[in-house]
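Below: one structure, written as structure tokens.
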2 protein chains.
Amino acid sequence: MATGHIPEATVARLPVYLRSLTELAGDGQSTTSSDVLAELAGVNAAKVRKDLSYLGTHGTRGVGYDVRHLVFEVSRALGVANTWPVVVCGLGNLGRALANHTGFTDRGFPVVAAVDVDPGLIGSSIDGVPVHSPDRLAEVVADLGIAIGVIATPGGAAQETADRLVAAGIRSILDFSSTVVSVPDDVEVRAVDLSTELQILGFHLQRDLPPPGDV
Amino acid sequence: MATGHIPEATVARLPVYLRSLTELAGDGQSTTSSDVLAELAGVNAAKVRKDLSYLGTHGTRGVGYDVRHLVFEVSRALGVANTWPVVVCGLGNLGRALANHTGFTDRGFPVVAAVDVDPGLIGSSIDGVPVHSPDRLAEVVADLGIAIGVIATPGGAAQETADRLVAAGIRSILDFSSTVVSVPDDVEVRAVDLSTELQILGFHLQRDLPPPGDV
């Protein structure tokens, strides 16, 4: 059985472990070590062992971890066995990319509906995803049992979209709008900033530059 | 002056602090506290103080941190004063969204070129970004001083795209392909998995479910 409380920092690393483990399994590896997982996940081996211990999983000395068992345990902790239907709000390029992202469905997050203000899109279907008016959001969420709302609108429409999602009963929001939205305390918003990783690359590039004056 | 070595985990949080500080400045706040920054960045206040101390920045007791000074220090540490031109490889919906993402330019990562295998796109311009054949990548990288390559191709084309970027002299790659690409040791690849945050939301949703059998 999974143990009780899992720290948030560990939760944030579980998807990374799951991806690494899935790769190892795909490569035909049946066992692995905390060193290998650490390398794949970009953390240190002690942290891997600690993280996995929260799942009640410990490697065997001299053998390591059983990959398939670990995939099962991490998946279970992440609730991958469950399916959480998603609505994508805003069908610009990013919204279309998200609505069409097979990686979501594969991981238990099927995009079952989209909303957009464009009358030319409402009533149509984008890559098999039906497009509705934002006015119908509450109805669509209830009909389809939608659990998660994705905000892919321009920044200026993000707060209004969040308000509509909350009014429709959504309690989990993924926000790609690069703005901060206000929601009630019982609603969880996770923001994805596509620039974050670029800024980390930029930090390392800068460190490789010669210091000013050293020409 | 910024101090010497900054731990990787701190580097990863600097973009989050910068975004939070920019919001505070936009709201007209001239000073802030580690508590406020901790809340905005989703970490604890002790970690904020420790992270900022690596930049040589310490708050003033009873006053806190000067927001504009901190924006300057974090920006400098991140190399935001520098500009790192970007090429986007693959112009599906995601590639177009990235090529068109004003947040990149705002943060010093202008998308100056794109490559795609579609003959119908080569030679055209998408949102002002010229589209080239992948065969011309080395030439385009050299001509425009491109520092970072973004992989937005389907997974099946990701490794070939990475190989082309490396052959063109690129040493920093941002990979949106949901696959793992192999590159030489002196090339840094950062992978963005759009599902990671959804999986964290899913973890919390699952925790809110009644335990099995408890109906």
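Quick look at the values:
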read-out: Matching residues, region B:106-143, being aliphatic (A, V, I, L, M) and either part of a loop (DSSP other than H, G, I, E, B) or touching a His at 6+ places or on another chain (Cβ under 8 Å) (or both); value: B:111, B:113, B:114, B:115, B:117, B:121, B:122, B:140
read-out: Residue in region A:91-108 that is nearest to residue B:100 (Cα to Cα), counting only those that are touching a Leu at 6+ places or on another chain (Cβ under 9 Å) and touching a residue at least 24 places away in the same chain (Cβ under 8 Å); value: A:94
read-out: Residues satisfying the stated conditions in region B:40-75, i.e. more than 26 Å from residue A:185 (Cβ to Cβ), surrounded by fewer than 18 Cβ atoms within 10 Å (Cβ to Cβ) and among the small types (Gly, Ala, Ser); value: B:53, B:56, B:62
read-out: Test for residue B:111: is it of a type in the set (Val, Ile, Thr), under 23 Å from residue A:40 (Cα atoms) and either within 11 Å of chain A (Cβ to nearest Cβ) or surrounded by 19 or more Cβ atoms within 10 Å (Cβ to Cβ) (or both); value: no
read-out: Boolean, residue B:146 is touching a strand residue (DSSP E or B) at 6+ places or on another chain (Cβ under 9 Å), at pLDDT 95 or above, outside any helix (DSSP H, G or I) and more than 30 Å from residue B:11 (Cα to Cα); value: no
read-out: From the options B:88, B:48, B:80, residue that is outside any loop (DSSP other than H, G, I, E, B), within 13 Å of chain A (Cβ to nearest Cβ) and β-branched (Val, Ile, Thr); value: B:88
read-out: Test for residue B:170: is it in contact with a His (Cβ under 8 Å, 6 or more places away or on another chain), more than 8 Å from chain A (Cβ to nearest Cβ) and farther than 27 Å from residue A:178 by Cα; value: no
read-out: Set B:206, B:159: member being in contact with a helix residue (DSSP H, G or I) (Cβ under 9 Å, 6 or more places away or on another chain) and more than 22 Å from residue A:207 (Cβ to Cβ); value: B:206
read-out: Of all residues in region B:55-77 being part of a helix (DSSP H, G or I) and away from every other protein chain (no Cβ under 12 Å), the one that is farthest from residue B:26 (Cα to Cα); value: B:73
read-out: Whichever residue in region A:10-39 is free of Cβ contacts under 8 Å to residues at least 40 places away in the same chain, more than 12 Å from chain B (Cβ to nearest Cβ) and in a helix (DSSP H, G or I) and, among such residues, is surrounded by the most Cβ atoms within 10 Å (Cβ to Cβ); value: A:37
read-out: Qualifying residue in region B:150-165 (condition: at the interface with chain A (Cβ under 10 Å from one of its Cβ atoms), buried (at least 17 other Cβ atoms within 10 Å of the Cβ) and farther than 30 Å from residue A:55 by Cα); value: yes
read-out: Criterion (β-branched (Val, Ile, Thr), in a loop (DSSP other than H, G, I, E, B) and in the same structural domain as residue A:109 (by TED's automatic domain parsing)) met by exactly one of A:189, A:166, A:180; value: A:180
read-out: Meets criteria (at pLDDT 90 or above, facing chain A (nearest Cβ under 9 Å) and either crowded, with 17+ Cβ neighbours inside 10 Å or in a loop (DSSP other than H, G, I, E, B) (or both)) for residue B:200; value: no
read-out: When residues of region B:91-104 are limited to those that are assigned to a helix (DSSP H, G or I) and hydrophobic (A, V, I, L, M, F, W, C), the one farthest from the other protein chains (Cβ to nearest Cβ); value: B:99
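The values are calculated or read from the model by the stated rules, or taken from the named source; none is laboratory data. As the structure is a prediction and not an experimental result, all values here were calculated from the model. Every residue, glycine among them, receives a Cβ derived from its backbone with ideal geometry; neighbour counts consider all protein chains shown.
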